[in-house]
Amino acid sequence: MKVVLKVIREEQRALFIIFGGTGDLAQRKLYPALFNLYKRGYLKKNFAVIGTARRPWTNDYYRDVIKCSIDGMFDSQAQATDFASHFYYHSHNVNDKQHYEELKALADKLDEKYDLGGNRIYYLAMSPRFFGTISQYLRSEGLVTERGYGRVIIEKPFGRDYQSAKELNDEISRYFDEDSTFRIDHYLGKEMVQNIMALRFDNGIWSALWNKEHIKNIQVTLSEALGVEERGGYYETAGALRDMVQNHILQIVSLLTMDRPKSASEKDIRQAKVETFKALKVYSPEEVYQNFVRGQYGEGEEQVAYREEAMIDPDSMTETFVAGKLEVQNKSMAGVPVYIRTGKRMTAKMTRVDIVFKNEAPLFGGGIEPENVLTINIDPDLGLDLRLNMKKVGQEFATKKTKIGYRLSKEQVAKIPEAYERLILNVLQGNAVNFTHWDELKYSWRFLDAIRNAWDEQELPVDFFPNYACGTMGPQASAELLEKNGDHWIY
Ligand code: NAD
């Protein structure tokens with residue numbers, strides 16, 4: 001008899017209050033994610049959304065905006081209209097205390113109308129400088145109910161160094177405890193990122209080999225083909241190190257290098273991750289210069305150089321590329337070089353991990369690169385490749401590199417929820433495993449500050465940049481970083 005396993009889709013009850021409800025993030029990501037949850041039956045009748053921002057929109061206008069943001073996703077106009085009917089707009093300046101009274105009255109009314117049990121999710125889709133003020137007023141003006149849960153979702157960037165992140169966290173934690181605070185890193189919502197733990201801990205072959213005895217090095221690449229686009233103002237003050245390494249890259253590194261958690265519980269997984277961040281070796285300035293490389297893109301055939309982009313200083317010293325060698329000093333990985341690389345205007349948009357295994361004594365030579373490599377393709381292809389040495393077909397006995405690969409099918413990819421959809425459902429279910437704990441952030445900033453400070457102290461001539469051309473994998477120094485250890489980038 002065939003057993004059919006059915007996914008239980010439990011309907012969730014909640015009121016969402018989205019601060020920054022007219023913004024880009026809300027329209028491009030949050031409303032489509034909520035619609036998918038509605039379409040899949042996680043949200044049905046008992047939910048409502050209040051969008052707040054300064055603009056004086058009406059409910060009708062707001063609902064038209066909602067319909068536009070889910071254009072092409074709905075099955076019928078009636079479905080789109082029903083979904084949008086759950087949305088309410090409240091014009092609100094987050095600094096104005098009186099507005100919270102009106103917001104509370106609306107929230108209480110919707111709670112009753114939709115029977116929401118007092119459950120509220122506050123999505124702070126705004127500049128972080130407002131996070132403290134909003135959290136404070138949510139508490140002081142009684143928006144957080146006694147009856148249900150009150151969870152706050154916070155977008156990146158969370159601080160720009162350890163000190164500012166701590167101040168922000170101290171402010172928010174006065175009003176929301178750690179268990180109610182969900183810090184988004186949308187990379188943790190990606191299918192193949194979530195797959196890393198399954199691969200490592202549920203397969204004997206990888207559990208046995210995933211350690212310092214067998215891994216030669218680990219490589220993480222997050223490359224973008226685009227330049228800075230219209231984000232110049234923000235990017236000039238951030239750079240690739242803060243924009244990509246502190247969050248997405250370090251999160252992926254932690255999943256790749258963490259010791260085995262005691263169990264699959266949220267608590268044990270988080271604990272294992274926190275220990276990994278703690279085990280990241282913090283470099284001295286001298287070690288930073290040896291182990292980290294920065295770059296900035298020059299012009300390409302059709303693209304302008306970073307320094308010629310809108311809102312960029314013509315002598316800008318902001319890095320658009322970072323490569324580095326990290327050390328995670330824990331039981332599994334101490335001594336294994338973890339190479340990371342990210343940048344703009346590189347060869348292609350891609351996220352991948354290469355695990356290079358030691359193969360010190362191949363009997364038949366094993367070719368020029370005898371190492372076995374497991375590649376985890378995270379974006380845009382989703383799947384795995386394994387590089388093996390096999391016998392060349394024919395009379396002669398010689399080996400050659402052979403790649404075996406697995407790709408998720410189009411049908412499987414079509415079923416994958418978008419990262420925001422998955423993460424919002426996690427918040428509804430109170431599952432924080434795919435969110436960044438404050439302790440992870442604390443140690444990641446400690447690690448990052450050491451690099452940033454060493455770079456800021458280093459006097460570089462203005463013509464140090466640009467040092468890589470558009471459409472390449474970064475400056476030559478990035479290749480040399482590996483070569484000095486006898487390694488090379490697999491891609
Ligand atoms: P945005 O500028 O498009 O939207 C900001 C929103 O805040 C608008 O709705 C605006 O009306 C509102 N706002 C500003 N000042 C206000 C005030 N005093 N009172 C009430 N409302 C006010 O920004 P965004 O791109 O949507 O980004 C929002 C946050 O999400 C930022 O922290 C950003 O770094 C982060 N983020 C955005 C994206 C993205 O794809 N857009 C991705 C990751 C993180």
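The table that follows gives values for the structure above.
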{"quantity": "Residue identified as in a strand (DSSP E or B), among the basic types (Lys, Arg) and touching a residue at least 60 places away in the same chain (Cβ under 8 Å) among ARG352, ARG387", "calculated": "ARG352"}
{"quantity": "Of all residues in segment 125-172 being among the β-branched types (Val, Ile, Thr) and out of contact with any Ser or Thr (no Cβ under 8 Å at 6 or more places or on another chain), the one that is farthest from LEU25 (Cα to Cα)", "calculated": "THR145"}
{"quantity": "Residue within segment 55-74 that is small (Gly, Ala, Ser), over 15 Å from LEU428 (Cα atoms) and without any contact (Cβ under 8 Å) to a residue 24 or more places away in the chain present", "calculated": "yes"}
{"quantity": "Extreme residue, nearest to the chain's Cα centre (by Cα), among residues of segment 171-203 that are under 22 Å from THR145 (Cβ atoms) and within 16 Å of the ligand (Cβ to nearest atom)", "calculated": "PHE182"}
{"quantity": "Pairs where the first residue, in segment 279-297, is under 13 Å from GLN329 (Cβ atoms) and the second is of a type outside the set (Ser, Thr, Tyr) and in a loop (DSSP other than H, G, I, E, B), C-beta under 6 Å, 6+ apart", "calculated": "ALA279/GLN329; ALA279/ASN330; LYS281/GLU327; LYS281/GLN329"}
{"quantity": "Residues of segment 355-368 satisfying the condition of being in contact (Cβ under 8 Å) with a residue 40 or more places away in the chain and among the charged types (D, E, K, R)", "calculated": "LYS358"}
{"quantity": "Segment 207-229, residues that are under 30 Å from ASN359 (Cβ atoms) and exposed (fewer than 14 other Cβ atoms within 10 Å of the Cβ)", "calculated": "SER207, ALA208, GLU213"}
{"quantity": "Total residues in segment 304-349, condition surrounded by 15 or more Cβ atoms within 10 Å (Cβ to Cβ), in contact (Cβ under 8 Å) with a residue 60 or more places away in the chain and either acidic (Asp, Glu) or over 25 Å from PHE464 (Cα atoms) (or both)", "calculated": "9"}
{"quantity": "Residues (under 26 Å from GLY159 (Cβ atoms) and near the ligand (Cβ under 9 Å from one of its atoms)) located in segment 91-127", "calculated": "HIS92, ASN93, VAL94, ASN95, ASP96, LEU124, ALA125, MET126, SER127"}
{"quantity": "Answer from GLY474, GLY430 - the residue that is surrounded by 20 or more Cβ atoms within 10 Å (Cβ to Cβ) and either within 26 Å of ILE70 (Cα to Cα) or under 25 Å from the mean Cα position of the chain (by Cα) (or both)", "calculated": "GLY474"}
{"quantity": "Segment 209-265: number of residues that are closer than 15 Å to ARG341 by Cβ and part of a strand (DSSP E or B)", "calculated": "7"}
{"quantity": "Output for segment 32-41, where each listed residue is more than 16 Å from the ligand (Cβ to nearest atom) and under 19 Å from ALA419 (Cβ atoms)", "calculated": "PHE35, ASN36, LEU37, TYR38, LYS39, ARG40"}
{"quantity": "Tally of residues being under 16 Å from LEU460 (Cβ atoms) and not in a loop (DSSP other than H, G, I, E, B) across segment 298-316", "calculated": "2"}
{"quantity": "In segment 148-162, residue farthest from the ligand (Cβ to nearest atom) [restricted to those that are closer than 16 Å to ILE121 by Cβ and crowded, with 18+ Cβ neighbours inside 10 Å]", "calculated": "GLY150"}
{"quantity": "Qualifying residue in segment 128-147 (condition: touching a residue at least 60 places away in the same chain (Cβ under 8 Å), closer than 19 Å to TYR420 by Cα and near the ligand (Cβ under 9 Å from one of its atoms))", "calculated": "no"}
{"quantity": "Qualifying positions in segment 230-242 - surrounded by fewer than 21 Cβ atoms within 10 Å (Cβ to Cβ) and either without any contact (Cβ under 8 Å) to a residue 24 or more places away in the chain or touching a strand residue (DSSP E or B) at 6+ places or on another chain (Cβ under 8 Å) (or both)", "calculated": "ARG231, TYR234"}
{"quantity": "Hits in segment 429-479 - residues which are small (Gly, Ala, Ser) and outside the structural domain of ALA305 (by TED's automatic domain parsing)", "calculated": "GLY430, ALA432"}
{"quantity": "All positions within segment 42-66 that are under 19 Å from ARG120 (Cα atoms) and more than 12 Å from the ligand (Cβ to nearest atom)", "calculated": "TYR42, LEU43, LYS44, LYS45, ASN46, PHE47, ALA48, VAL49, ILE50"}
{"quantity": "Residues (surrounded by fewer than 12 Cβ atoms within 10 Å (Cβ to Cβ) and not in a loop (DSSP other than H, G, I, E, B)) located in segment 391-414", "calculated": "LYS403, ILE404, TYR406, LYS410, GLU411, ALA414"}
{"quantity": "Close pairs (6 angstrom Cβ cut-off, 6 or more residues apart or separate chains): more than 9 Å from ALA48 (Cβ to Cβ) in segment 95-116, of a type in the set (D, E, K, R) anywhere", "calculated": "TYR100/GLU141; LYS104/GLU141"}
{"quantity": "Residue match in segment 14-31 (condition: in a helix (DSSP H, G or I) and more than 11 Å from the ligand (Cβ to nearest atom))", "calculated": "yes"}
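One line per residue, one yes/no per condition, for (1) out of contact with any Pro (no Cβ under 7 Å at 6 or more places or on another chain); (2) outside the structural domain of GLN219 (by TED's automatic domain parsing):
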residue	(1), (2)
ARG352	yes, no
ASN359	no, no
PHE364	yes, no
THR375	yes, no
ARG387	yes, no
LYS391	yes, no
GLY394	yes, no
VAL427	yes, yes
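The values are calculated or read from the model by the stated rules, or taken from the named source; none is laboratory data. Small disclaimer: the values here were computed from a predicted structure and weren't measured. Cβ sites come from the backbone with ideal geometry, for glycine too, and all protein chains shown count toward neighbours.
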